[in-house]
1. If you scan the stretch 81-104, which residues turn out to be farther than 14 Å from residue 30 by Cα and either more than 13 Å from the chain's Cα centre (by Cα) or among the small types (Gly, Ala, Ser) (or both)?
2. Taking the criterion of being surrounded by fewer than 16 Cβ atoms within 10 Å (Cβ to Cβ), in contact with a Lys or Arg (Cβ under 7 Å, 6 or more places away or on another chain), in a loop (DSSP other than H, G, I, E, B) and not acidic (Asp, Glu), would at least one residue in the stretch 118-127 satisfy it?
3. Anything in the stretch 31-49 that is part of a loop (DSSP other than H, G, I, E, B), among the charged types (D, E, K, R) and either more than 17 Å from residue 7 (Cβ to Cβ) or modelled with pLDDT under 95 (or both)? List them, or say none.
4. Taking the condition of being more than 25 Å from residue 48 (Cα to Cα), at pLDDT 95 or above and not β-branched (Val, Ile, Thr), how many residues in the stretch 126-149 meet it?
5. Go through (1) within 13 Å of the chain's Cα centre (by Cα); (2) among the basic types (Lys, Arg); (3) part of a loop (DSSP other than H, G, I, E, B) and name the single condition residue 75 misses.
6. Residue by residue through the stretch 128-165, note down the ones that are surrounded by fewer than 17 Cβ atoms within 10 Å (Cβ to Cβ), touching a residue at least 12 places away in the same chain (Cβ under 8 Å) and among the small types (Gly, Ala, Ser).
7. Can you find a residue that is more than 14 Å from the chain's Cα centre (by Cα), farther than 21 Å from residue 104 by Cα and either part of a loop (DSSP other than H, G, I, E, B) or modelled with pLDDT of 95 or more (or both) anywhere in the stretch 50-63?
8. In the stretch 19-72, how many are in contact with a Gly (Cβ under 8 Å, 6 or more places away or on another chain) and closer than 20 Å to residue 103 by Cα?
Amino acid sequence: MRIEGNVWKYGDHVDTDAIIPARYLNVSTAAELAQHCLEDIDPAFATDVQPGDIIVVGENFGCGSSREHAPLAIKGAGVSCVIAENFARIFYRNGINVGLPILECPAAVAEAETGDRLTIDLRQGTITTLRTGRTHRTPPFPPFIVQIIKAGGLIPAIVGGLVDW
């Protein structure tokens, strides 16, 4: 599974309240949540993000509450992947559960700049920055995780019988 998109880069410790502010938790659809994604740290994000774009962040992305709304808002905004130095564990699993590819790769984070274009191969575990031509390695997803992502999340994968446990 290959992904290509433009980078939106943010710093360390972006918590779930910054991803989707608590005042919008009464909204439950991905499309509605996406309208407010990251609005308190980047007011232009929700209106300017393009389908396929990639968020690149520092340490501890998704810390804070365990709300599944956060990765759902990101996915609803059309983001194809999030790359971080590391993730809060529950955010990591929530991302997979909603079908959002999330990768840990400190070297790719260090190199990427806002506006760069990246290509990602989830099966091979590679992230290439087109500006520099450098390729960074990250652990590839096991096949069952790729199936979950392709299905659009854990529930659609289970209901559709797509996950081979």
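1. Matches in the stretch 81-104: 84, 88, 89, 90.
2. Checked the stretch 118-127: at least one residue is surrounded by fewer than 16 Cβ atoms within 10 Å (Cβ to Cβ), in contact with a Lys or Arg (Cβ under 7 Å, 6 or more places away or on another chain), in a loop (DSSP other than H, G, I, E, B) and not acidic (Asp, Glu).
3. Filtering the stretch 31-49 for residues part of a loop (DSSP other than H, G, I, E, B) gives 35-44, 49.
Narrowing the set further to residues that are among the charged types (D, E, K, R) leaves 39-40, 42.
Across the stretch 31-49, the qualifying residues are 39, 40.
4. Within the stretch 126-149, residues that are more than 25 Å from residue 48 (Cα to Cα), at pLDDT 95 or above and not β-branched (Val, Ile, Thr) number 4.
5. Going through (1) within 13 Å of the chain's Cα centre (by Cα); (2) among the basic types (Lys, Arg); (3) part of a loop (DSSP other than H, G, I, E, B) one by one, residue 75 breaks only (3).
6. 152
7. No, every residue in the stretch 50-63 fails to be more than 14 Å from the chain's Cα centre (by Cα), farther than 21 Å from residue 104 by Cα and either part of a loop (DSSP other than H, G, I, E, B) or modelled with pLDDT of 95 or more (or both).
8. 13
The values are calculated or read from the model by the stated rules, or taken from the named source; none is laboratory data. Keep in mind that this is a model prediction, so the values were computed, not measured. Heads up, the Cβs are rebuilt from the backbone with ideal geometry, glycines too, and the neighbour counts pull from every protein chain shown.
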